[in-house]
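FYI, it's all coordinate maths here, none of it is from the lab. Quick caveat: nothing in here was measured; it's all calculated off a predicted structure. Don't worry about glycine lacking a Cβ; one is built from the backbone with ideal geometry, like all the others, and counts go over all protein chains shown.
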Amino acid sequence: MSPLPVPPRRAPLRVCAALMLAAVTLSACSSPDFTLPAWPTVTDDAGDDLPAGATMTSATADPSDAGTSASAPPVGSLPPDDRTAAERVPQIIDRGRLIVGVAQSLNGLGFRDPVTGDLAGFEVDLAREIARDIFGDPTKVDFRYVESTRRDDALTTGDVDLIIRTMTVTRDRQDEIEFSTPYLTTGTAVLAMRDAGIDGSDDLAGRTVCVARDSTSARRVWTEIPHGDVLLTQTWPDCLMAAQRHQVDAVFSDSAILAGLRAQDPHTEFVDLPSPTVQRYAVAAASSASGRDTGGLIRQVNATVERIRDDGTWRRSYDRWLRQYLGPADPPPLSYRTEAQSADLARSRAEVRGNRTREEQR
C-alpha cells in the first residue's frame, strides 16, 4: 500500500539539530555576526522515481487497458422489503459482525485518522450506520482495507460482504456486481498545483495528467479533457505525490476524491471543467448470480440509505467531511429497478457467465 502523500522533504535531522544549537548559541551570546544557515533546497523533482507501480502512458496510446469500458446507463437497485434484518441477512447476524472493504488513504471518504489511528470519513460513517441497522450497534463492523484494483475480487471471493470505496455504478459493472441505490453524487474535476499555470481545461493540452488505474476516470480522461501523457498509478494519493514532485501537471478524478487531496495540500486548487460528468457512488456486493445470495443484503443496505436520508444522518456526515471543499449538497435520488429491468439484468448476467465459462474451457 502506498503511503499518504507528504510535503516536500524537510531538512535532515542533523541540519535541524544544527539550527537549534545555533539558535541557543545566538540567544546565549547575542553575537552580532551570527547568521542562520540557508534552508536546504527541496530536491523533489520530475527526475525522482515514479510512485510504486505507476506507469507513464503516451498521449497517443490505446486506452483500452487503462480503465473500465464504455457502458450503457445503469439500472436501479433492489428496493427494501418488509423483512427484518435477521430475515434479510441471517448469516451476517450469526457471524456477529459486518465485513466491509474501505479505503484508508482517501481523506474525507475513508482514511486513517493520524491522531487516533481510527478509520474515519463519509464512507466509514455509512458502513457504521449499516451495522447499526443490522445489529443495533455501529461498532459491529470489521473494516478491511481494499485497493481499488481489488474491489471486484474481494467481493467475488467472499473476503468482504460489502465494498464502500468510491465505486461508481455502471451498467457493465452490474453484470458482475450488485449495487445499492447511490449514496453520493459527484462530478469529474481537475486538481492542479497553484503554480502550474492551469486556469482552465484548455490549459491541459499537452500537459501530463494523472489518474488511478482501473478507475472510471482512467477511461474518461482520454475523451473528456485535453491532455498529453497520462500517468497511471495504484492510488489517488500517489497522484498527489506525483504532482508535488512535478512529475504530472494535474490530477483528473471525481470531485469527492480530489477534495480529499486538496485538503492534504493547500498549494493545490480545482480547475473548472465546462461539462463535468456526473458520477454516482453506491455500496457494492457480490452478485447473487455468483452463487452468493446477496439480494437480502442489498435490500438491507438500501433500507439504511433511506433512513439516513430521512433522519438527517446523511447531511451531518456530508457536512462534516465533504462540504468544506464541495459546497452544500443533497442525497442523490433513490433509484430502484422494475421487475422487467431485473429480468433483463438476470439474462445479461447469465450471458456474461456463459461467455466466461466458454473462455475458461478453451
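Close amide H contacts of residue 167 (hydrogens built in the peptide plane, cut-off under 5 Å, sequence separation of 5 or more or a different chain): 282. At q = 0.12, 0.16, 0.24, 0.28 Å⁻¹ the log10 of I(q)/I(0) for segment 72-125 amounts to -0.50, -0.77, -0.89, -0.96, computed by Debye summation with a single uniform scatterer per C-alpha, solvent ignored. Sorted largest first, the spans of the alpha carbon positions of segment 269-362 along the three principal axes are 53, 34, 23 Å. Computed over the alpha carbons of segment 300-348, Rg followed by Dmax gives 15.1, 44 Å. Please report the net charge: other residues with Cβ closer than 10 Å to the Cβ of residue 292, K and R +1, D and E -1. Counting the neighbours of residue 292, the net charge comes to -3.
Over segment 190-230, the fraction of Cα-Cα pairs per 10 Å bin, rounded to whole percents and listed from the shortest bin up, is 28, 58, 14. Binning all Cα-Cα separations of segment 108-153 at 5 Å, short to long from zero, yields these whole-percent fractions: 5, 20, 23, 25, 18, 7, 1. Computed from Cα atoms alone, the Kirkwood hydrodynamic radius reported for segment 244-286 is 12.6 Å. Under a 5 Å amide H cut-off, with hydrogens placed 1.01 Å from N, residue 141 pairs with 98 among residues at least 5 apart or on other chains. By the Cα gyration tensor, segment 72-182 has an equivalent ellipsoid whose semi-axes, rounded to whole angstrom, run 22, 20, 13 from largest to smallest. Write down the Kirkwood hydrodynamic radius of segment 176-291, to one decimal in angstroms, obtained as one divided by the mean of 1/r over all alpha carbon pairs. 14.7 Å is the Kirkwood radius here.
Across segment 133-200, Cα-Cα distances exceeding 15 Å account for 68% of all pairs.
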